[in-house]
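> Sending over a structure as structure tokens; questions will come in a sec.
The values are calculated or read from the model by the stated rules, or taken from the named source; none is laboratory data. Predicted, not measured: the structure shown is a model, and the values here were computed from it. No Cβ is skipped: glycine too gets one built from the backbone with ideal geometry, and neighbour counts run over all protein chains shown. The protein model used for the area step is the full one, side chains on, heavy atoms only, and it has no ligands, DNA or RNA in it. Shrake-Rupley method; radii C 1.70, N 1.55, O 1.52, S 1.80 Å.
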Amino acid sequence: MHRSAPRLTRILACAAVPVMLLVAGCSSDSDGKKEADSSASASPDATKSEPAVEAAKFAELPDPCSSVEAKTVKTLVPSAKSKKGTRSKSSDASVRGGCSWNGLADKGVKGSQYRWLDVGFTRFASDQTLGSGAARAGDELSKQVKKTEATDGAKNVKTETVGGIGDQATKVTYDQSKTGEDFRFATIVARTGNVVVVVNYNGAGYAGSKTPSEESILKGATTAAKDAVSAVAEANGGAAESPKATDKATGKATAKATDKASDESSKKPSKKPSSSAASKSSD
């Protein structure tokens with residue numbers, strides 16, 4: 001009887017071994033499943049980030065009071081109180097800036113002519129949440145156009161997109177009566193890259209002088225807007241030119257190169273002209 005007790009103990013111990021192995025095996029399967037789940041959750045698709053927005057084209061704004069050429073200011077506001085302009089206040093000149101000129105040209109018994117010109121710049125940075133600087137500038141352009149169209153007391157409002165000024169531009173013309181006189185207004189809102197340029201030009205005749213024509217006011221605003229857009233590029237190392245200027249310059253260069261090539265080829269005798277070329281020549 002005493003010998004059977006140790007033997008029984010050994011049998012029970014051996015019987016318990018498979019149970020322990022089974023438990024260990026279940027534990028390993030559980031850990032493996034957790035690792036697989038963790039690996040799946042960290043897959044490239046799950047951790048994929050949003051694409052970066054387009055970088056802003058311009059990082060600086062020009063000096064607003066130097067953005068319109070001196071000769072343009074002299075033509076549009078001949079009797080400006082300050083030739084250098086009056087700078088608008090800004091907490092950050094690299095983001096927002098503006099300048100204005102105004103003056104009354106006294107023509108004696110022929111009356112007087114009043115003119116006002118102002119230019120404003122707003123630069124938008126690219127933001128992962130808000131979008132690219134160019135897209136944000138495009139939204140601002142639309143807001144500025146609507147704001148101008150809604151000017152209190154504006155009459156005969158006309159809005160139209162225009163080409164040749166930055167990447168996109170819209171002109172708004174209207175009439176308005178104030179201080180007992182009839183004024184003509186023209187506003188050009190343009191976008192060049194991530195910068196919005198707003199140019200306002202208006203005028204009135206005093207003491208019997210005629211109100212300036214819509215054409216003259218619009219022409220003046222357009223000239224000032226082109227100056228301002230070019231100034232943005234110059235402030236950033238000449239990163240861009242207006243489409244009109246670029247196309248015009250390219251066109252001239254291409255024409256000269258073509259003419260030169262034609263002259264040189266005409267001096268060189270052809271070896272064996274094709275029958276089709278001969279036919280065209282005879283025609």
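> Hey, any hits in the range 225-245 for a residue that's in a helix (DSSP H, G or I), modelled with pLDDT under 90, closer than 27 Å to GLN144 by Cβ and not charged (D, E, K, R)?
For the range 225-245, residues in a helix (DSSP H, G or I), modelled with pLDDT under 90, closer than 27 Å to GLN144 by Cβ and not charged (D, E, K, R): present.
> Does LYS171 meet the test of being out of contact with any Pro (no Cβ under 6 Å at 6 or more places or on another chain) and either over 19 Å from ARG115 (Cα atoms) or at pLDDT below 95 (or both)?
no
> Name the residue that is surrounded by the most Cβ atoms within 10 Å (Cβ to Cβ), counting only residues in the range 93-115 that are among the charged types (D, E, K, R) and at pLDDT 95 or above.
Keep residues of the range 93-115 that are among the charged types (D, E, K, R), which gives 96, 106-107, 110, 115.
Filter again for at pLDDT 95 or above, leaving 96, 115.
Numbers: ARG96: 17, ARG115: 22.
That would be ARG115.
> Right, something else. So, in the range 116-154, how many residues would count as being of a type outside the set (Gly, Ala, Ser), open to solvent by 50 Å² or more (accessible area, probe 1.4 Å) and either in a helix (DSSP H, G or I) or under 30 Å from GLU54 (Cβ atoms) (or both)?
10
> State all residues of the range 143-177 that are under 12 Å from the mean Cα position of the chain (by Cα) and of a type in the set (S, T, N, Q); if no residue qualifies, say none.
GLN168
> Looking only at residues that are open to solvent by 40 Å² or more (accessible area, probe 1.4 Å) and touching a helix residue (DSSP H, G or I) at 6+ places or on another chain (Cβ under 8 Å) in the range 66-85, which one is nearest to THR122 (Cα to Cα)?
Here the answer is SER66.
A quick yes/no check of all residues on (1) open to solvent by less than 10 Å² (accessible area, probe 1.4 Å); (2) under 22 Å from ARG123 (Cβ atoms); (3) part of a loop (DSSP other than H, G, I, E, B); (4) touching a residue at least 12 places away in the same chain (Cβ under 8 Å):
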site: GLY166; (1), (2), (3), (4): yes, yes, yes, yes
site: ASP182; (1), (2), (3), (4): no, no, no, yes
site: ALA186; (1), (2), (3), (4): yes, no, no, yes
site: VAL189; (1), (2), (3), (4): yes, yes, no, yes
site: VAL197; (1), (2), (3), (4): yes, yes, no, yes
site: GLY208; (1), (2), (3), (4): no, no, yes, yes
site: ILE217; (1), (2), (3), (4): yes, no, no, yes
site: ALA221; (1), (2), (3), (4): yes, yes, no, yes
